[in-house]
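Heads up, the thing below is written out as structure tokens.
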Protein chains: 2
Amino acid sequence: MYETFMKRAIELAKKGLGRVNPNPPVGAVVVKDGRIIAEGFHPYFGGPHAERMAIESARKKGEDLRGATLIVTLEPCDHHGKTPPCTDLIIESGIKTVVIGTRDPNPVSGNGVEKFRNHGIEVIEGVLEEEVKKLCEFFITYVTKKRPFVALKYASTLDGKIADHRGDSKWITDKLRFKVHEMRNIYSAVLVGAGTVLKDNPQLTCRLKEGRNPVRVILDRKGVLSGKVFRVFEENARVIVFTESEEAEYPPHVEKALSDCSVESILRNLYERDIDSVLVEGGSKVFSEFLDHADVVFGFYSTKIFGKGLDVFSGYLSDVSVPPKFKVVNVEFSDSEFLVEMRPCSRE
Amino acid sequence: MYETFMKRAIELAKKGLGRVNPNPPVGAVVVKDGRIIAEGFHPYFGGPHAERMAIESARKKGEDLRGATLIVTLEPCDHHGKTPPCTDLIIESGIKTVVIGTRDPNPVSGNGVEKFRNHGIEVIEGVLEEEVKKLCEFFITYVTKKRPFVALKYASTLDGKIADHRGDSKWITDKLRFKVHEMRNIYSAVLVGAGTVLKDNPQLTCRLKEGRNPVRVILDRKGVLSGKVFRVFEENARVIVFTESEEAEYPPHVEKALSDCSVESILRNLYERDIDSVLVEGGSKVFSEFLDHADVVFGFYSTKIFGKGLDVFSGYLSDVSVPPKFKVVNVEFSDSEFLVEMRPCSRE
């Protein structure tokens, strides 16, 4: 019976996507006598929590919260962070029932559900839980695995090429390109290898209206980008370069991270920098390195056929006896392109 | 207002798919006072036409056909073929209105529409015409282009490989495999190169209950299959081998076609043998040769990734500046596989 309200809460939560990281996006609605009397969402990192925004909005309108129901995507926090605990506010408000999508996996947040029950507030758990977990997947991965959520995004021909026999690769896909910018607007960081920077000199910015640029993470193992000028070094976004080279020098704006440049080291380092999600955008060798660490793979395909050229996973090696590692969860198509979304077959 | 009845006629017509070639599948319903009083379809090559079956069925039930409406997918024939003209039968029956999906493109069939109008029968044309044309696409291609309808079907990994680095290729796809057998049940012929026969020794049969095997067409340019035993030479289907080699010898059951083995020659020869449709199943070089002649491409993809191996279009060469030749018309997915159906971007 709470599904419709939870759907609305999820919708509200999405307004914070890409703005609240590494916090989770959260949405909340207050319901009385079967209708929504107030709404709220977590708008940006450090901003008010969804529950607080909803309750304050109800009060401003002069609504009586006694006996009301709060529907919120994530278990309300019970600790003093950038804002006071939401639990206390909810208990004081006279709200009688709290409905949550999923529990907060972060031990720091305390046990909101238990506190409510101790105060005689009814708690209903697990409403649209799968959808809510998907909404919070960056946060859940970040908190429980202590690494960012990893997405792989490649643009390939029908025959698995990301560049033609001359090495050209720009605009393999076009019609579905806006989706890449939607991703860059949501993921905290994008990551590419030095080869891609040298060859394409990409901006890696989000070209959506009202969009925000992700952190640019560059993997420059040998320091080949040292002392040179590239668009990825521009000051319109935070830039982190992972390199093994002590000598390598980058513009002052760039954060240089000396590292063994293994995927594990990079992910641990990004976690320590509070980066909850990273979109790996290439090239071929980087895809191959990150493939076994991907939480989701977005394969953009054009119906172009190159015959010869650079393979999308040129650094990978497997064979027909190995079962597939990904299951297809969604496919979209437009004109001469399609986008396949894949997730690991077995997830803990 | 006739769409629902035409949908039913299309459904009936489909019962003849793979059985009536090189004739078109045809379905018909007779409607009186808004309800279907009889149905018919063309069941097999040389069998009764759909219109005849429907009219005879109505008569057997003692229905009065005067003033009735006949809805039939294709314009009724007006010539003496294996059966007498349907036009005469319809005119005699007292049917007042004839509704057709599309005109018969075969000049041999005569002009049924004109004949009806000359006899005071109302003719309504073009009902669900696109669907009906798709239903009859083998026939329309065969009659108007004087070549079989060409489909390409490949099974590839995500990265465009049809065999791994060891050359192994069996069971790249599995879950959607039944669709291949559905295709073999409908296409008049399947075609593979000698390389595929040598490597996989496939049967190329239809393993559906009640299925029928397509004609097997083998492209053995150099005669490498000469004097050897393969499953494709078994007598459970008609076999045609195209070869440049005068010396090559095949089992007595096999039809040897001496040819320059160009795609054009092969298609012309198959047309002359009354083959209206061919499903090209590999391998890599054959796909590359037939690609520019394909009326439809079925790409079966597994989420497996080989990294290295045999490219699906290893004999093809294009580049990023060439616009896509195919548009995506449908995508299905199941578990770790997806199937992309593509059609040429511009069709005459």
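Quick one: would you say residue A:305 is modelled with pLDDT of 95 or more, assigned to a loop (DSSP other than H, G, I, E, B) and within 14 Å of chain B (Cβ to nearest Cβ)? Talk me through it step by step, then tell me what you get.
Values: modelled with pLDDT of 95 or more: yes; assigned to a loop (DSSP other than H, G, I, E, B): yes; within 14 Å of chain B (Cβ to nearest Cβ): yes.
Considered against the rule, which asks whether it is modelled with pLDDT of 95 or more, assigned to a loop (DSSP other than H, G, I, E, B) and within 14 Å of chain B (Cβ to nearest Cβ), residue A:305 comes out as yes.
Only one of (1) among the small types (Gly, Ala, Ser); (2) more than 14 Å from chain B (Cβ to nearest Cβ); (3) under 20 Å from residue A:292 (Cα atoms); (4) over 18 Å from the mean Cα position of the chain (by Cα) is not met by residue A:189, so which one is it?
The one condition residue A:189 does not meet is (4).
Would it be correct to say that residue B:286 is under 25 Å from residue A:311 (Cα atoms), more than 8 Å from chain A (Cβ to nearest Cβ) and not in a strand (DSSP E or B)?
Details: under 25 Å from residue A:311 (Cα atoms): yes; more than 8 Å from chain A (Cβ to nearest Cβ): yes; not in a strand (DSSP E or B): yes.
Yes, satisfied.
I'm trying to understand the selection: among the residues of segment A:133-157, which are in a strand (DSSP E or B) and of a type in the set (S, T, N, Q)? Can you show your working first?
Residues of segment A:133-157 in a strand (DSSP E or B): A:149-156.
Selection gives A:156 alone.
Out of A:182, A:122, report the one residue that is open to solvent by 10 Å² or more (accessible area, probe 1.4 Å) and in the same structural domain as residue A:44 (by the TED database).
On the way: A:182 fails: in the same structural domain as residue A:44 (by the TED database).
It is A:122.
Yes or no: residue A:212 assigned to a loop (DSSP other than H, G, I, E, B) and touching a residue at least 60 places away in the same chain (Cβ under 8 Å)?
Numbers: assigned to a loop (DSSP other than H, G, I, E, B): yes; touching a residue at least 60 places away in the same chain (Cβ under 8 Å): yes.
When the stated conditions are applied, residue A:212 passes them.
Only one of A:14, A:61, A:32 is farther than 14 Å from residue A:139 by Cβ and surrounded by fewer than 18 Cβ atoms within 10 Å (Cβ to Cβ). Can you tell me which?
Numbers: A:14 fails: farther than 14 Å from residue A:139 by Cβ; A:32 fails: surrounded by fewer than 18 Cβ atoms within 10 Å (Cβ to Cβ).
Sole residue among the options that is farther than 14 Å from residue A:139 by Cβ and surrounded by fewer than 18 Cβ atoms within 10 Å (Cβ to Cβ): A:61.
So for segment B:242-265 (the condition being among the basic types (Lys, Arg) and open to solvent by less than 10 Å² (accessible area, probe 1.4 Å)), does at least one residue qualify? Before you say what the answer is, go through the steps one by one.
Our first condition is that a residue be among the basic types (Lys, Arg); within segment B:242-265, this holds for B:256.
After this cut, where a residue has to be open to solvent by less than 10 Å² (accessible area, probe 1.4 Å) as well, the list is none.
The answer is no; no qualifying residue exists.
So which residues in segment A:152-186 are of a type in the set (A, V, I, L, M) and either over 24 Å from the mean Cα position of the chain (by Cα) or within 29 Å of residue B:284 (Cα to Cα) (or both)? Even if it seems obvious, please write down each step before you answer.
Pass one, segment A:152-186, residues of a type in the set (A, V, I, L, M): A:152, A:155, A:158, A:162-163, A:172, A:176, A:180, A:183, A:186.
Matches in segment A:152-186: A:152, A:155, A:158, A:162, A:163, A:172, A:176.
Can you pull out the residues in segment A:308-324 that are more than 7 Å from chain B (Cβ to nearest Cβ), open to solvent by 60 Å² or more (accessible area, probe 1.4 Å) and not aliphatic (A, V, I, L, M)?
If the condition is that a residue be more than 7 Å from chain B (Cβ to nearest Cβ), open to solvent by 60 Å² or more (accessible area, probe 1.4 Å) and not aliphatic (A, V, I, L, M), then A:321, A:323 are the ones that fit.
Going by the conditions given, is residue A:270 of a type in the set (A, V, I, L, M), part of a helix (DSSP H, G or I), at the interface with another protein chain (Cβ under 8 Å from one of its Cβ atoms) and under 25 Å from residue A:216 (Cβ atoms)?
Here the answer is no, as residue A:270 does not meet what is asked.
Please go through segment B:8-51 and pick out each residue that is of a type outside the set (D, E, K, R), in contact with a Lys or Arg (Cβ under 8 Å, 6 or more places away or on another chain) and not in a strand (DSSP E or B). Spell out how you get there, then give the answer.
We begin by selecting, within segment B:8-51, every residue of a type outside the set (D, E, K, R); these are B:9-10, B:12-13, B:16-18, B:20-31, B:34, B:36-38, B:40-50.
Checking the rest, the ones that are also in contact with a Lys or Arg (Cβ under 8 Å, 6 or more places away or on another chain) come to B:18, B:25, B:27, B:29, B:36-38, B:40-41, B:43-46.
Within segment B:8-51, B:18, B:25, B:43, B:44, B:45, B:46 qualify.
Identify all residues within segment B:154-179 that are within 30 Å of residue A:153 (Cα to Cα) and either more than 13 Å from chain A (Cβ to nearest Cβ) or acidic (Asp, Glu) (or both); write none if there are none. Don't jump to the end; show me each part of the working.
Residues of segment B:154-179 within 30 Å of residue A:153 (Cα to Cα): B:154-177, B:179.
Across segment B:154-179, the qualifying residues are B:159, B:164, B:168, B:174, B:177, B:179.
Tell me, please, whether a residue that is β-branched (Val, Ile, Thr), outside the structural domain of residue B:179 (by the TED database) and farther than 24 Å from residue B:188 by Cα can be found in segment B:141-162.
Looking for residues that are β-branched (Val, Ile, Thr), outside the structural domain of residue B:179 (by the TED database) and farther than 24 Å from residue B:188 by Cα, one finds none in segment B:141-162, hence no.
Rundown of residues vs (1) under 27 Å from residue B:185 (Cα atoms); (2) outside the structural domain of residue B:182 (by the TED database); (3) charged (D, E, K, R), yes/no style:
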{"position": "B:15", "(1), (2), (3)": "yes, yes, yes"}
{"position": "B:21", "(1), (2), (3)": "yes, yes, no"}
{"position": "B:27", "(1), (2), (3)": "yes, yes, no"}
{"position": "B:33", "(1), (2), (3)": "no, yes, yes"}
{"position": "B:54", "(1), (2), (3)": "yes, yes, no"}
{"position": "B:67", "(1), (2), (3)": "no, yes, no"}
{"position": "B:70", "(1), (2), (3)": "no, yes, no"}
{"position": "B:83", "(1), (2), (3)": "yes, yes, no"}
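So which residues in segment B:35-50 are open to solvent by less than 10 Å² (accessible area, probe 1.4 Å) and under 29 Å from the mean Cα position of the chain (by Cα)?
So in segment B:35-50, the residues open to solvent by less than 10 Å² (accessible area, probe 1.4 Å) come out as B:37-38, B:40, B:42, B:47, B:50.
B:38, B:40, B:42, B:47, B:50, listed by residue number.
The values are calculated or read from the model by the stated rules, or taken from the named source; none is laboratory data. The model shown is predicted, which means the values in this text are computed figures rather than measured ones. Every residue, glycine as well, gets a Cβ built from its backbone with ideal geometry; the counts of neighbours run over all protein chains shown. Ligands, DNA and RNA are excluded from the accessible area calculation, which covers all protein heavy atoms including side chains. Shrake-Rupley method; radii C 1.70, N 1.55, O 1.52, S 1.80 Å.
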